[in-house]
Each structure stands twice: as C-alpha cells, then as structure tokens.
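The values are calculated or read from the model by the stated rules, or taken from the named source; none is laboratory data. Computed from a predicted structure; not experimentally measured. Every residue, glycine among them, receives a Cβ derived from its backbone with ideal geometry; neighbour counts consider all protein chains shown.
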Amino acid sequence: MIPAMTPSWVHDYLRRIGASWQGKGVAIELGSWLGATAVPLLEGLREAGYNKPFYAYDRWEANREQVRKAREQGVKITNKQDLLPLFQDNVLNDDIRVFCQKGNISGTLKWPSNTPVEICLFDAPKQNPIFEHAVRQLGPSFIPDVTVWGLLDYYWHRDRPTEKKREAARVPVRFINRYHQNFSLMAEWGHSCACAFFRYRGGVDWENVEVS
Ligand SMILES: C[S@@+](CC[C@H](N)C(=O)[O-])C[C@H]1O[C@@H](n2cnc3c(N)ncnc32)[C@H](O)[C@@H]1O
C-alpha cells in the first residue's frame, strides 16, 4: 500500500477522471509524494488509452512530517531521504512514460505554452508565491470546457492554526471566487477532505491574471 495524504474516495475519483481523458492534452501533478494520487489517475488514463507522458513534480526529499505520515501507514522512510526512487517504483508501468521533475517547483516548473493541459493536479501549490507561479505557468495551457483542475488542498486553510495562516492559505479559494465565471465545481467532499475539482470554462485573461 502506498502511504497517502488524500482519502481513498479521492483516489477513486481520480481513477474516473483519468478514464474520462478526452485526448486533448496531458496530465500533470504538482506534489506527487509517493504516488498515492498519481497511481489511480494513471490507472484511469491507461484505461482511456492515454498516449502522452505523465508529468510529475516534487522535491522528493522526505521531511519529518512525511516520515511520521508514512510511519502511521506502515512505511519506513527517513528524514531527508530521496523519495524519487520510491515514487518511480510505485508508478512504474509499461504503457505510460512518467516524466519526473525533482526540485522546488518555483524553479523547476517552466511550462511550454504549446503543450495543452487536460488534467492538472495541484497538491504542492496552495499558498503564494508557488500557487501564483504554477497558475501563471499552466493556466495559459488550460483547455476551455475540457481541463480538469484538482486543487487537493483547496480547503486546507480550515486546519490552519491562526487567522494570519488561514488568510495565506485561502489563495486558491480567493482565486476561484474571483474567477467563478470561468470555472465550474465538479466535486468536493464537504468537511471530510480538503480537495475540490473544477472544470475550466474558458475566458481567463491569463496574461493579466490576478493571483493574490
Ligand atoms: C500533500 S503531499 C502530496 C501527497 C500526494 N498527492 C498524496 O495524496 O499522497 C505534497 C507534496 O508536495 C511536495 N512539495 C511541497 N512544496 C513543494 C515545492 N515548493 N516544490 C516541490 N515539491 C513540493 C512535497 O514534497 C510533498 O511530497
């Protein structure tokens, strides 16, 4: 079993999202950790005949919180461990090439504007400046009425201990509120988890997009 930071029903949903791939763009995940979300998404994509690389971005360097979360789920990792080999083992498959970009997303994510993005998971970007960087890089490649944007920590602000921290963690919520005409809610699970999925409807002026 792969240690996860997301519940099993989100994994089931990701499998369905992958299986509904329309062939219009690539799938990408920012913040893959050990693959608990990438694996079901890839299973769905395989079912849909996905024939492009899957893009995964992470530091893949264990910190103490990750060590604790993995231990609670029966897997031993150590502080500062390079987690990329574990991730690669978990996502390994014959059909889909998984492109892994290791390092800080603020520096590593430079998305070519001619590569449309059909499925986009944010599980690392949840505050600025990284959320803004990721939106500016990937937003222009979103496909109107197609792209599924999974914000896996959309409601993370609820768990933050102080109002200042909650305010900082509301960046994704403020973004969706500001652009509510451009995104429609596909799924969320109330207070049982922090994830929310949106469909891009088009119409964002990405060059002048506001992310604050
Ligand atoms: C919540 S975990 C992902 C969990 C995984 N999606 C799951 O559900 O099991 C967030 C991941 O984002 C990565 N991360 C956070 N900030 C990052 C950054 N600035 N650059 C690269 N990776 C980052 C962490 O290393 C961690 O693996």
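Does residue 27 satisfy the condition of being near the ligand (Cβ under 9 Å from one of its atoms), modelled with pLDDT of 95 or more, closer than 27 Å to residue 156 by Cα and outside any helix (DSSP H, G or I)? So residue 27 does not fit the description; no.
Which of the residues that make up the range 80-120 are in contact with a helix residue (DSSP H, G or I) (Cβ under 7 Å, 6 or more places away or on another chain) and closer than 30 Å to residue 165 by Cα? Reasoning before the result, please.
Start the filter on the range 80-120 by keeping residues that are in contact with a helix residue (DSSP H, G or I) (Cβ under 7 Å, 6 or more places away or on another chain), which leaves 90-91, 93, 95-96, 98, 100-102, 105-106, 109-111, 113, 115-117, 119-120.
Residues satisfying the conditions are 101, 102, 105, 106, 109, 110, 111, 119, 120.
Meeting the requirement of 1 or more residues that are of a type in the set (D, E, K, R), in contact (Cβ under 8 Å) with a residue 40 or more places away in the chain and surrounded by 14 or more Cβ atoms within 10 Å (Cβ to Cβ), the helices (runs of 4 or more DSSP H) wholly within the range 130-212 are 130-138.
Scanning the range 30-53 for residues that are away from the ligand (no atom under 15 Å from the Cβ) and of a type in the set (A, V, I, L, M), we see that the one that is surrounded by the most Cβ atoms within 10 Å (Cβ to Cβ) is 45.
Of the listed requirements (1) outside any helix (DSSP H, G or I); (2) crowded, with 17+ Cβ neighbours inside 10 Å; (3) in contact (Cβ under 8 Å) with a residue 60 or more places away in the chain, residue 56 misses just one: (3).
Summed over the range 110-134, residues that are among the hydrophobic types (A, V, I, L, M, F, W, C) and over 13 Å from the mean Cα position of the chain (by Cα) total 1.
Go through the range 72-99 and give me each residue that's among the acidic types (Asp, Glu) and within 13 Å of residue 2 (Cα to Cα).
As a first pass, look at the range 72-99 and keep what is among the acidic types (Asp, Glu): 72, 82, 89, 94-95.
Matches in the range 72-99: 72, 89.
Within the range 1-24, if we keep just the residues that are within 13 Å of the ligand (Cβ to nearest atom) and of a type in the set (Gly, Ala, Ser), the residue that is surrounded by the most Cβ atoms within 10 Å (Cβ to Cβ) turns out to be 4.
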